[in-house]
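Asks: Sharing a structure below in structure tokens format, with a few things to ask.
The values are calculated or read from the model by the stated rules, or taken from the named source; none is laboratory data. Being a predicted model, the structure only gives us computed values, none of them experimental. Because the Cβ atoms are built from the backbone with ideal geometry, glycine has one as well, and the counts that use them run over all protein chains shown. We work out accessible area using only protein heavy atoms, side chains counted, and drop any ligands, DNA or RNA first. Shrake-Rupley method; radii C 1.70, N 1.55, O 1.52, S 1.80 Å.
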Amino acid sequence: MYSQAELKAEGLDDFRVFLMHVWAFLNLPKPTRVQLDIAKWLQHGPRRGILQAFRGVGKSWITVSFVLWILLNDPQKKIMVVSASQQLADDFSKFAKQLIHGMPVLQHLAPRLDQRNSAISFDVGPALASKDPSVKSAGITGQITGTRADVIIADDIEIPKNSQTHLMRERLAELVKEFDAILKPGVRIIYLGTPQTEQSLYP
């Protein structure tokens, strides 16, 4: 486990530096200026914000990296990832666990044998015992209440299939209101997505 002083000495208190490590591990070219701008916004952006970017920019991968960077700096944080479907949310969590097990700087975050370790929810090794997992994934129409989180990542919750009609968009807007019942005071909701209609959930 790294101390805050060690993380700062390695530059890992800056998410952009951590993102460069992830991209190198994945054998990707260095992050582009746009990707680094996204990383800066994720680290320093508002308590509630929307990240809209063109497809292919890698916003979901960047945000997986951001979740891991949060846990690297504070393993006691609780994060919920909500997507249009449970499968999409689980894919986010699975990728996060692949990076934890593969990157040396993250391997101490691997769940212990006595901790949760599934696609739906998992704990990180240094996390203290809690009723809430370190990372939980859920579909927007699934059960998202009953869990407390410091950060909610709403990753592409609006897709053509659930926003084609006015009634669908109204239902989606009502489901999003449940986020306030999950969040701890003073924490963040980050939306990732591409508007599907002129009446998009994303302003």
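Asks: What do you get for trypsin sites (Lys or Arg not before Pro) in the range 19-64 restricted to DSSP loop and a cutoff of at most 12 other Cβ within 10 Å of the site's Cβ? If you can, show how the numbers build up before the last one.
Replies: On the way: sites: Arg33, Lys40, Arg47, Arg48, Arg55, Lys59; in loops: Arg47, Arg55.
Answer by residue number: Arg47, Arg55.
Asks: Just grab the label-to-label distance for His101 and Asp114, each label 7 Å out from Cα along the Cβ direction, in nm (one decimal).
Replies: The answer from the label model is 2.3 nm.
Asks: Enumerate the amide H contacts of Ser85 below 5 Å, restricted to partners 5 or more residues apart or on another chain; note that Pro and chain-start residues carry no placed amide H.
Replies: Ile140
Asks: If the limit is 23 Å between Cα atoms, which of Lys8/Lys94; Lys30/Lys77; Lys8/Lys131; Lys59/Lys97; Lys30/Lys78 go over it? Each step should come with its number before you reach the end.
Replies: Details: Lys8/Lys94 28 Å; Lys30/Lys77 28 Å; Lys8/Lys131 30 Å; Lys59/Lys97 18 Å; Lys30/Lys78 29 Å.
Correct reply: Lys8/Lys94; Lys30/Lys77; Lys8/Lys131; Lys30/Lys78.
Asks: On to the next question. Give me the accessible area per residue for the range 1-131, probe 1.4 Å, as a whole number in Å². Show your work: numbers first, answer last.
Replies: Details: 6700 Å² over 131 residues.
Ligands and nucleic acids excluded, the result is 51 Å² per residue.
Asks: Let me ask something else about it. Is the shape of the range 1-156 best called rounded, prolate or oblate, per the rule: a/c under 1.5 gives rounded, else a/b larger than b/c gives prolate, else oblate, with a ≥ b ≥ c the square roots of the Cα gyration tensor eigenvalues? Don't skip to the answer; put the middle values down first.
Replies: On the way: a/c = 1.56, a/b = 1.10, b/c = 1.41.
In terms of gyration-tensor shape, oblate.
Asks: What ³J(HN,Hα) values, in whole Hz, does the Karplus curve 6.51 cos²θ - 1.76 cosθ + 1.60 give for the range 112-118 when θ = phi - 60°, with x put for Gly and Pro?
Replies: 6, 5, 8, 10, 5, 7, 9
Asks: Here's another thing I want to ask about it. To the nearest 10 Å², what's Thr147's accessible area with a 1.4 Å probe?
Replies: Here the accessible area works out near 20 Å².
Asks: Would you rank Val81, Val105 by solvent-accessible area, highest first, keeping every protein chain in place and using a 1.4 Å probe? Display every interim value, and only then the final one.
Replies: On the way: Val81 0, Val105 25 Å².
Result, largest first: Val105, Val81.
Asks: Report the extension gain between Leu36 and Asp14 in nm, rounded to one decimal, defined as 0.36 nm multiplied by the number of residues separating them, less their alpha carbon distance.
Replies: Details: separation 22, 0.36 × 22 = 7.92 nm, distance 1.09 nm.
Extra length from Leu36 to Asp14 when fully extended: 6.8 nm.
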